[in-house]
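To start, the structure under review is shown below, and the notes come after it.
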Amino acid sequence: MDPPAASGPQEHGRHRPSHSLDHAERAEYERLRRTLSVRHRRLRLWGASLLLVLAVVMAPISVVATWVNSEVTDTARYQQTVSPLARDPAVQDLIIDRATDGLVHKIDVHKITDTLADTLADHDTPRFLVDAARSLDEELKGGLKTGVRYAVAKVVTSDAFAKAWDSINRGAHTAATNVLTGEGGGALEVKGDTIRLNVGAVIEELQEQLIGVTLVGAEDIPGADKSIVLAHNDHLSEARDAARWLGVLGPWLPVAVVVLAGLGIWAAPSHRVALMAAGIGVGVMMCGLLIGLAVMRQICLDAVSPAARSQEAAAALYDTLVRFLRQTILTVLLAALLTVAAGYLYGHGRGATAVRTAAARYTRTAGHALARKGLKPGAAGEWLRRHRPLTTGVVIGAGILTLFLWNYPTPTSVVLVFLLVVVVLTILGVLAAADGAEQH
């Protein structure tokens, strides 16, 4: 028995209008189909836009959180971060000045001049010489300061001091946690709204090298309880709390950003446009983050009291501590720019078409030359020729996965992986073109 005509034929599970529909009914049917198609496209566009916006907004948070997490959990990374501080001239000058002032302050210059004057008087030295000896306080203090500074500078600028700094920080990695939590001690710590540089631990090295050189005992040399205030900011406590949360979420935020961006690109009506939009958005956010670092640097320097004479040291400290964060930002920015470039080259623009045409021509020429020399890829070449989109996607995906799994990627590693992907795609293209030459 034939089915009712009203049901109409079915194709792929979708009802098709029967031939009994008149012109008006068919027009209405097509109008409804177009309306549903537009609504479906709009829904995909809104969903993809929401996912991409979330990924772009979370990108800078992810970068900062990853940096914080690496500084807190990776001892080697933290040591690489703080190691240059002991070799920085501004930090060295600050330590030398503070240590010298502390040493000279411990010396009773007036007692020395009095002792000298009394000695001269006991030997019947003329009165004017005795009086001159008693007035040598400032001259003696200046001379002592010069000599002590020379001795301290020799120690602080030595390799032994730098190695001691590295050893202390390697064994006291909790200093990085202290910057975020304000607990404990170490080379760097936060107390309330003040950032302090603890130099006592490394200045203890002076106790062994300055004894006998100066006129003070070992117990008078500045010890482990000495610290230098580098910066004060009323909002430091809030920033510390935020950083603590970022450290907890650090390992997961990059994964969330990648997943959100991938879902947004997959859901978008145009995958290529969505890919370029994601790259542009992330690139803009990274530029904003670089600007934010520059602004924060100036805020930190403004918080340093000019009387503290440590502004240059504070600048060196800031630049040293955030250099890996800045490197990560530049890495993500470069990856975003390459993503936008790749999306453009797969488009229909005149420049993109010209680049693809030139690449295909050179690849085909190289493949034909390979075939003429008798180097035939055989079955592998045929498979590559038939599955060019698959192999291209696998190679690009492998490059992205390599960067994602790289411990600490840098702009150099991004360029290296990019060139490697281009070389592999070129080789596969040449092999596929060589098989095509055999077919002809």
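The values are calculated or read from the model by the stated rules, or taken from the named source; none is laboratory data. All values reported here derive from a predicted model rather than from experimental measurement. When we count neighbours, we look across all protein chains shown, and the Cβ atoms used for this are built from the backbone with ideal geometry, even at glycine. Accessible surface areas use protein heavy atoms only, side chains included; no ligands, DNA or RNA. Shrake-Rupley method; radii C 1.70, N 1.55, O 1.52, S 1.80 Å.
Annotations for the structure displayed:
- Reported count of residues in region 334-378, each being open to solvent by less than 80 Å² (accessible area, probe 1.4 Å) and under 21 Å from residue 272 (Cβ atoms), is 21.
To keep it simple, each residue is scored yes or no on (1) open to solvent by less than 40 Å² (accessible area, probe 1.4 Å); (2) of a type in the set (Phe, Trp, Tyr); (3) under 17 Å from the mean Cα position of the chain (by Cα); (4) over 30 Å from residue 407 (Cβ atoms).
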| position | (1), (2), (3), (4) |
| --- | --- |
| 266 | no, yes, no, no |
| 273 | no, no, no, yes |
| 319 | no, no, yes, no |
| 331 | yes, no, yes, no |
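- Evaluation of residue 397 against the conditions (1) surrounded by 16 or more Cβ atoms within 10 Å (Cβ to Cβ); (2) at pLDDT 85 or above; (3) of a type in the set (Gly, Ala, Ser) shows that the sole unmet condition is (1).
Rundown of residues vs (1) at pLDDT below 80; (2) in a loop (DSSP other than H, G, I, E, B); (3) surrounded by 12 or more Cβ atoms within 10 Å (Cβ to Cβ), yes/no style:
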position: 19; (1), (2), (3): yes, yes, no
position: 30; (1), (2), (3): yes, no, no
position: 71; (1), (2), (3): yes, no, yes
position: 90; (1), (2), (3): no, no, yes
